[in-house]
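In what follows, a structure is listed as structure tokens, so that the remarks can point back to it.
Computed from the coordinates by the stated procedures, all read-outs in this text should not be read as laboratory data. These figures come from a predicted structure and were not determined experimentally. So basically every Cβ, Gly included, is an ideal-geometry build from the backbone, and we count neighbours across all protein chains shown.
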Amino acid sequence: MSFPTTSVRACAKINFFLGVGAARADGFHELTTVFQSLSNHNVVRLSPASGPAQLGEYVASVSASGLAARSVPLDASNLVVAAASRYLAEVAANHPEIQLPVLDIHIHKGIPTAGGMAGGSADAAAVLHALSDYAPLPRQRVLEIAAELGSDVPFSLVGGTQLGTGRGERLVPMLSRGTYHLALGIQKQGLKTPEVFAKLDEMRAAGKTAEPNTDTSALATALVSGKPAAVAAEMHNDLQPAALSLMPALRATLAAGKDAGALCGIVSGSGPTTAFLCDSADAAEVVAEDLRDSGTVFDAFAVHTVPQGIGSIDT
Ligand code: C5P
């Protein structure tokens, strides 16, 4: 069987809660985080290549369209190339009878690039999902490959509402009731995740910011209440002071969202995307519109929580 063209939808995430512990010997920080899949997503299409492999052994080309597509790397540094290469190398080693494809990979972006919403991780997860349909590997091995690709890739593959520990790659499902509505504030410039973590270490060493907050119990209770105000009261991000220090203009965005009626606003992950929890879908639309009018964002739109992070699309 030759590889069939496959499209996969992979959702954005926010961290309703992000507790960051000390840096470990390997440079990563020990996290206690509550991941949540959101409705905005990328669509990744894998098709048999029309030309030779140029990006590693299995990928001929990477192309992109959609939201800020010009900032997507189209060379071997794109995580989709490493995802395809690692997955297919493992299939080659274990199943020499399977005919392996060379791929053209197209990414249609609905998740801001370098925005703290795991857009690159979603793309990598989409590739793993598509390839595991064609040439299955044991689920545990797919999750291990995901973790080798990046700390957020396992969550992008699993999706929903999950407690993440370790680098964020160890996941346990959490209960959540109902659908929560948010407005997202998008910035033109991205923030580099390692720089945000390094800034937090620096601020902690100088005694300029609080110690890690790793207690997710109140948020866990709030999520099963189904009440947006209860969830809003427990949302938290240890990385926020570092992101604000690197991009002080985000303070004005957070203030604009609150003025527009959001229940709460936080920086999403390492930023600079800001996420505003709202009472309803209509309220989220109003907050997004007011954010656009405020001049403090490049763009803003309303999204909602979804129970699954990834899925194949019938073409
Ligand atoms: O795992 P990933 O490649 O997404 O991580 C990007 C960078 O973010 C790491 O190189 C590290 O600087 C930082 N990071 C961290 N602790 C984590 C996750 C990421 O310090 N748990």
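If you take every DSSP beta bridge whose two residues both sit in the chain, what share of them, in percent to the nearest 5, is antiparallel?
Of those bridges, close to 85 percent are antiparallel.
If you take the charge dipole of the chain about its Cα centre, with +1 on Lys and Arg Cβ and -1 on Asp and Glu Cβ, which of L103, P248, A147 is farthest toward its positive end?
Positive-end residue among those listed: P248.
Can you find, among P136, V8, P307, the residue sitting farthest towards the positive end of the charge dipole of the chain, where Lys and Arg contribute +1 and Asp and Glu -1 at Cβ?
Looking along the dipole axis, the top candidate is P307.
Magnitude of the Cβ-charge dipole of the stretch 6-173, K/R +1 and D/E -1, about the Cα centre, nearest 20 debye?
It works out to roughly 420 debye.
Quick one: grab the alpha carbon gyration tensor of the chain, order the square roots of its eigenvalues as a ≥ b ≥ c, and give me rounded if a/c is under 1.5, else prolate or oblate depending on whether a/b is larger than b/c.
The shape class here is prolate.
Relative contact order of the chain, please, whole-number percent, based on alpha carbon pairs below 8 angstrom and at least 6 residues apart.
25 percent
Placing +1 at every Lys and Arg Cβ and -1 at every Asp and Glu Cβ, with all other atoms neutral, what dipole size does the chain have around its Cα centre, in debye to the nearest 20?
Dipole magnitude for the chain comes out near 140 debye.
Could you give the distance between the Cα centres of the stretch 79-123 and the stretch 197-269, to the whole Å?
The distance from the Cα centre of the stretch 79-123 to that of the stretch 197-269 comes to 31 Å.
Under 20 Å between alpha carbons: how many lysine pairs meet that in the chain, if sequence neighbours fewer than 8 apart on the same chain are excluded?
8
Can you classify the stretch 181-304 as rounded, prolate or oblate using the Cα gyration tensor, where a ≥ b ≥ c are the square roots of its eigenvalues, rounded means a/c under 1.5, and otherwise it's prolate if a/b beats b/c and oblate if not?
Oblate shape, in that a/c is at least 1.5 and b/c is the bigger or equal ratio.
If the label point is 7 Å along Cα→Cβ of A206, which residues in the stretch 223-260 have backbone nitrogen under 20 Å from it?
Taking a point 7 Å out along Cα→Cβ of A206, the residues of the stretch 223-260 whose backbone N falls under 20 Å are 238-252.
Tell me the mean residue ellipticity at 222 nm calculated for the chain from its helices only (DSSP H runs of n ≥ 4, each -39500 (n - 2.57), averaged over every residue, nearest 500).
-10500 deg cm²/dmol
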